[in-house]
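Notes follow once the structure below has been shown.
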Amino acid sequence: MADVLFQKVRKAFGSAVAVKSLDLAIGSGEFVSLLGPSGCGKTTTLRMLAGLEFPTEGEIRIGDRVVNAVPPGQRDIAMVFQSYALYPHMSVAENIAYPLKKRGIGRAERDAKVASVAATLQLGALLDRKPRQLSGGQQQRVALGRALVRDPKVFLLDEPLSNLDAKLRAHMRAELIELHRKLGKTFIYVTHDQLEAMTMSDRVAVMHEGDLQQFGAPMQVYEKPANLFVAGFIGSPAMNLLAGVLEPSGSGLAFVRQGLRLAVGDGGQAGQKVTLGVRPEDIALGSGPFVATVRIVEPTGHETIVIADIGGQSAIVRVQPDTAYAVGSETPFAVRTSRLHAFDSVTGARLDLAFALPAS
Amino acid sequence: MSGNPLDKRYAVLGAMLIAPTVLVFCAVIVYPLVSALYLSLFTIFTPTLRGSFVGLGNYAYLVNSPEFWRSLWNTLLWTICTLALQIVFGVAAALMLHQNIVFRSLARSLILFPYFVSTVVAVLVWRWLFNDLYGVMNHLMLMAGLIKMPLDWLGSMPNAMISIILVGAWKYFPFVVIAVLARLQTIPDALYEAAKIDGAGAWSRFVDITLPQLRDVLVVVVLLRAIWDFKEFDLIYLLTGGGPIIATQTLPLMVYKDAFGLNDMGRASAVAVSMMLVMLSFMVLYLKLAGRDERESQR
Ligand SMILES: Nc1ncnc2c1ncn2[C@@H]1O[C@H](COP(=O)(O)OP(=O)(O)OP(=O)(O)O)[C@@H](O)[C@H]1O
Ligand SMILES: [Mg+2]
């Protein structure tokens with residue numbers, strides 16, 4: 001059953017359109033990430049769900065209730081802000097208790113709930129402090145505590161980890177996953193960090209310029225990107241996108257570009273402009289029917305990134321660190337044909353083509 | 001440490017940099033203060049500035065003078081009432097101007113108007129409005145049926161006191177508006193949004209977020225305005241001249257009257273020194289209270 005439903009939701013600020021026409025159904029208990037580059041409308045989407053922004057068109061449902069006209073306090077949601085938005089003059093305990101207090105819950109019950117949330121988040125020793133006396137990670141936990149204490153249906157998180165250092169971020173990521181597992185509530189998590197989205201989510205909604213590009217499980221988004229944008233956005237280093245064209249070859253078709261020629265099984269039309277997507281780990285240097293020129297070699301320790309020239313275009317290749325490549329040298333290479341992606345160069349849509357190395 | 005020649009050079013440089021401030025401070029603050037203290041120990045005939053030493057005689061006179069106590073009471077009454085009105089209306093106006101209303105920038109400059117107008121001009125306008133024979137105020141209130149007879153706004157009590165308090169509030173509330181508005185604009189929106197999600201209504205958001213955030217600026221505003229209102233001279237002098245009789249005479253007016261009306265500079269100085277003592281003790285008390293709350297809220 002869908003817990004959160006966006007139906008044809010559009011949001012415009014004056015003439016600027018932040019969200020174009022969003023259809024999104026999020027299941028009960030799911031951890032969903034809204035992922036996309038800066039300015040793509042993630043925050044706006046979340047704020048509309050929270051009731052802090054109102055959709056220009058369309059309908060938003062939480063549970064079986066249309067919430068378009070429901071004030072934020074009555075939507076059965078809790079939100080963790082990027083800036084945490086802790087009340088500066090209240091102690092940690094008062095911050096966490098505040099949503100209960102505003103719902104008229106008595107002192108004794110409040111204290112008990114604050115204590116239990118503090119235990120979950122290991123905030124017990126900090127309850128009397130003011131927010132400014134806490135580190136970033138501790139503030140983050142207090143903000144989480146203030147959301148947890150109310151036991152809402154849906155948790156909204158807007159880039160909650162972006163103010164933390166790398167190590168703490170990894171730690172909090174694990175804690176959030178654990179928390180979600182324990183609570184079993186719906187989490188909607190905004191981020192522009194694909195690592196966060198991929199590692200934490202049940203499903204990822206990739207957005208671009210106010211449009212939903214793809215909504216699916218992390219591995220699905222990675223292995224079957226729906227279009228050129230998703231293909232280029234997901235994965236680090238990014239997928240190599242090589243433009244070419246389909247030409248008749250023998251009885252079938254071939255994908256042809258400078259320095260590359262692949263036989264194409266069924267699908268596609270002769271003359272169609274096609275972009276080939278190859279992940280850095282799916283290029284094998286050392287042997288094969290094609291030739292690349294090594295331009296840059298970047299050892300990172302556990303792997304080495306080679307930037308090579310394939311028919312006039314740079315491509316990123318991920319290789320084992322034990323082989324040495326001389327800059328400027330030519331090296332033969334092959335591609336893993338079962339793991340190639342193809343997109344229509346004009347529309348950007350994914351094409352289901354089967355590739356094969358040329359028989360030689 | 002002190003043996004280091006560089007430290008010595010810095011010490012000399014420091015002293016040189018402070019010196020001008022210290023000199024100016026001595027010339028404009030310490031000297032008048034000391035000389036007021038000194039003068040208050042004499043009876044001095046103002047036109048000739050000659051007189052004889054009387055020790056604490058002037059102070060003894062003041063302690064037994066009903067006029068002094070009445071003026072002190074008037075000063076406190078005026079300061080507290082006009083300050084309270086300034087704060088209430090100032091904060092209210094700032095909150096209103098902080099909203100996205102149409103003509104906001106126009107409204108903002110209009111509201112500062114009373115603060116910019118020179119006191120003399122403002123008072124002349126108000127005297128005209130308050131006039132018991134041809135004043136607009138009486139005219140309107142008669143027409144509205146609020147009063148049956150024209151009121152004597154400035155020449156009878158308690159009207160005169162109420163009038164100066166109201167005009168004082170009108171003239172100085174824009175100061176509160178400016179200070180509070182500046183602070184309001186720095187309160188992060190996210191705090192209000194978080195409170196909305198936590199279920200706080202408009203009133204709760206004001207009490208739980210706006211007021212605590214305004215605390216520091218209000219402490220300073222109350223301090224400054226209290227000092228300035230306590231010393232206010234021209235507005236009251238021009239509106240009522242301290243009258244009827246001495247019903248609205250505050251301490252600054254009494255200083256003026258003693259020095260230039262009764263030509264006794266010594267006693268005037270004694271009043272001025274007492275005024276300073278009263279103000280000082282109130283300020284110390286106030287800052288202690290404000291400081292204690294501050295420490296409590298930081299714990
Ligand atoms: N209050 C507003 N008024 C006008 N335009 C706005 C407003 N809020 C957002 N926008 C515009 O809407 C678009 C989407 O903004 P949004 O904040 O949702 O992006 P985002 O995906 O959260 O980006 P980021 O990763 O930088 O936070 C942007 O182009 C932004 O300029
Ligand atoms: Mg954002």
Inset, instruction - Under 22 Å Cα to Cα from A:Lys102, which lysines show up? Leave out anything in the same chain fewer than 8 places away. - result: A:Lys113, A:Lys130, A:Lys153, B:Lys196
Legend entry - All-pairs alpha carbon distance profile, the protein assembly as shown, 20 Å steps from 0, percent: 14, 29, 26, 19, 9, 3, 0
Inset, instruction - Return, ordered by residue number, the residues of the stretch A:1-39 whose backbone nitrogen is under 19 Å from a label point located 7 Å along Cα→Cβ of A:Leu195. - result: A:33-38
Legend entry - Fluctuation leader among B:Asp258, B:Asp132, B:Asp198 - chain B, Gaussian network, Cα springs under 10 angstrom: B:Asp198
Inset, instruction - Find which of A:Val9, A:Thr337, B:Val273 sits farthest along the positive direction of the dipole of the protein assembly as shown, computed with +1 on the beta-carbon of Lys and Arg, -1 on that of Asp and Glu, about the Cα centre. - result: B:Val273
Inset, instruction - Mind telling me which of B:Ala36, B:Ala107, B:Ala194 comes out most flexible in a GNM of chain B, alpha-carbon contacts under 10 Å? - result: B:Ala194
Inset, instruction - Quick one: grab the alpha carbon gyration tensor of the stretch B:1-140, order the square roots of its eigenvalues as a ≥ b ≥ c, and give me rounded if a/c is under 1.5, else prolate or oblate depending on whether a/b is larger than b/c. - result: oblate
Inset, instruction - Would you work out if the stretch A:89-135 is rounded, prolate or oblate? Take a ≥ b ≥ c from the square roots of the eigenvalues of the alpha-carbon gyration tensor; rounded if a/c is under 1.5, else prolate when a/b is larger than b/c, oblate otherwise. - result: oblate
Inset, instruction - Any chance you could check the stretch A:51-72 for residues losing 10 Å² or more of accessible area when the partner protein chains are in, compared with the chain on its own (1.4 Å probe)? - result: A:Leu52, A:Pro72
Legend entry - Rounded to the nearest 20 debye, dipole of the stretch A:240-356 from Cβ charges on Lys, Arg, Asp, Glu: 160 debye
Legend entry - Length-normalised contact order for chain B - Cα pairs under 8 Å, 6+ apart - percent: 29 percent
Inset, instruction - Please find the FRET efficiency linking A:Ile105 to B:Leu77, where r is the Cβ-Cβ separation and R0 is fixed at 45 Å, and quote it to the nearest 0.05. - result: 0.50
Legend entry - Carbon plus sulfur fraction of accessible area for chain A, probe 1.4 Å, in percent: 51 percent
Inset, instruction - Please state the charge dipole magnitude for the protein assembly as shown, taken about the Cα centre, from unit charges on C-beta atoms (+1 on K and R, -1 on D and E), reported in debye and rounded to the nearest 20. - result: 1240 debye
Inset, instruction - With only Lys, Arg, Asp and Glu charged, each at its Cβ (+1 for the first two, -1 for the last two), find how big the charge dipole of the stretch B:18-149 is about the Cα centre; round to the nearest 20 debye. - result: 200 debye
Inset, instruction - Taking 7 Å along the Cα-to-C-beta vector as the label spot, tell me the A:Ser236-B:Lys288 distance in nanometres, rounded to one decimal. - result: 5.9 nm
Inset, instruction - Let me know the Kirkwood hydrodynamic radius for chain A, please, with Cα pairs as the basis and the value in Å to one decimal. - result: 23.1 Å
Inset, instruction - Report the extension gain between B:Val102 and B:Ser52 in nm, rounded to one decimal, defined as 0.36 nm multiplied by the number of residues separating them, less their alpha carbon distance. - result: 11.4 nm
Inset, instruction - Determine the per residue accessible area of the stretch A:198-250 with all protein chains present and a 1.4 angstrom probe, expressed in square angstrom. - result: 39 Å²
Inset, instruction - Kindly list the residues of the stretch A:219-255 that lie in the label zone of A:Val346, defined by a backbone N under 16 Å from the point 7 Å along the Cα-to-C-beta vector. - result: A:244-247
Legend entry - Accessible-area order (highest first, 1.4 angstrom probe) of the listed residues B:Asp7, B:Asp229: B:Asp7, B:Asp229
Legend entry - Solvent-accessible heavy-atom area per residue, rounded to whole Å², over the stretch B:1-124 at 1.4 Å: 68 Å²
Legend entry - Net lengthening on full extension, B:Glu67/B:Leu13 (0.36 nm per residue, minus Cα-Cα): 14.2 nm
Inset, instruction - Show A:Lys102, B:Lys231 ordered by accessible area, largest first, where the area counts protein heavy atoms only and the probe is 1.4 Å. - result: B:Lys231, A:Lys102
Inset, instruction - Kindly provide the trypsin sites (Lys or Arg not before Pro) of the stretch B:112-221 that DSSP labels as loop, not H, G, I, E or B, and whose Cβ sees at most 11 other Cβ atoms within 10 Å. - result: B:Lys148
Inset, instruction - Pop the C-beta distance of B:Ala60 and B:Ile227 into the FRET formula with R0 = 22 Å and round what comes out to the nearest 0.05. - result: 0.20
Inset, instruction - Restrict the search to the stretch B:96-170; then list the chymotrypsin sites (Phe, Trp or Tyr not before Pro) that DSSP places in a loop and that have at most 10 other Cβ atoms within 10 Å of their Cβ. - result: B:Phe103, B:Tyr134
Inset, instruction - Give the Kirkwood hydrodynamic radius (Å, one decimal) of chain B, defined as one over the mean of 1/r across all pairs of different Cα atoms. - result: 22.9 Å
Inset, instruction - Lys and Arg at +1, Asp and Glu at -1: add these up for the other residues within a Cβ distance under 13 Å of B:Ile111 and post the number. - result: +3
Legend entry - Rel. contact order, % - alpha carbon contacts under 8 angstrom, at least six apart, the stretch A:2-225: 29 percent
Inset, instruction - Can you tell me the FRET efficiency between B:Phe206 and A:Ser116 if r is taken as the Cβ-Cβ distance and R0 is 35 Å, rounded to the nearest 0.05? - result: 0.70
Legend entry - Amide N proximity, the stretch A:41-69 versus A:Ala12 label position 7 Å along Cα-to-Cβ, cut-off under 13 Å: A:56-58
Inset, instruction - Sticking to Cα atoms, compute the Rg of the stretch A:256-313 to one decimal and its Dmax as the biggest Cα-Cα distance, whole number, in Å. - result: 14.0, 44
Inset, instruction - Name the residues of the stretch B:162-198, by number, that are at least 20 Å² less accessible with every protein chain in place than in the isolated chain; the surface is that of heavy atoms, probe 1.4 Å, without ligands or nucleic acids. - result: B:Ala190, B:Leu191, B:Glu193, B:Ala194, B:Lys196, B:Ile197, B:Asp198
Inset, instruction - Enter the buried accessible area of the A/B pair, total of both sides, probe 1.4 Å, in Å² rounded to the nearest 100. - result: 1700 Å²
Inset, instruction - Could you sort the residues of the stretch A:93-120 by number and keep only those whose accessible area is reduced by 10 Å² or more in the all-protein-chain setting relative to the chain alone, 1.4 Å probe? - result: A:Tyr98, A:Pro99, A:Lys102, A:Arg103
Inset, instruction - Name the residue farthest towards the positive end of the dipole of the protein assembly as shown from the options A:Leu86, B:Gly135, B:Leu289, assuming +1 on Cβ of Lys and Arg, -1 on Cβ of Asp and Glu, about the Cα centre. - result: B:Gly135
Inset, instruction - Compute the Rg to Rh ratio over the stretch B:167-283 from the alpha carbon atoms, using the Kirkwood formula for Rh, and round to two decimal places. - result: 1.20
Inset, instruction - At q = 0.26, 0.31 Å⁻¹, work out log10 I(q)/I(0) for the stretch B:5-53 with the Debye formula, treating every Cα as an identical point scatterer and leaving solvent out; two decimals please. - result: -0.90, -1.01
Legend entry - the stretch A:158-255: relative contact order as a whole-number percent, Cα under 8 Å and 6+ apart: 14 percent
Inset, instruction - Quote to one decimal, in nm, the extra length available between A:Asp165 and A:Thr337 on full extension: 0.36 nm per residue of separation minus the C-alpha distance between them. - result: 58.0 nm
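The values are calculated or read from the model by the stated rules, or taken from the named source; none is laboratory data. Since the structure is predicted, the reported quantities are computational estimates derived from the model, not experimental observations. Quick reminder, even Gly has a Cβ in these numbers, built from the backbone with ideal geometry, and neighbours come from all protein chains shown. Calculation scope for accessible area: heavy atoms of the full protein, side chains included, ligands and nucleic acids excluded. Shrake-Rupley method; radii C 1.70, N 1.55, O 1.52, S 1.80 Å.
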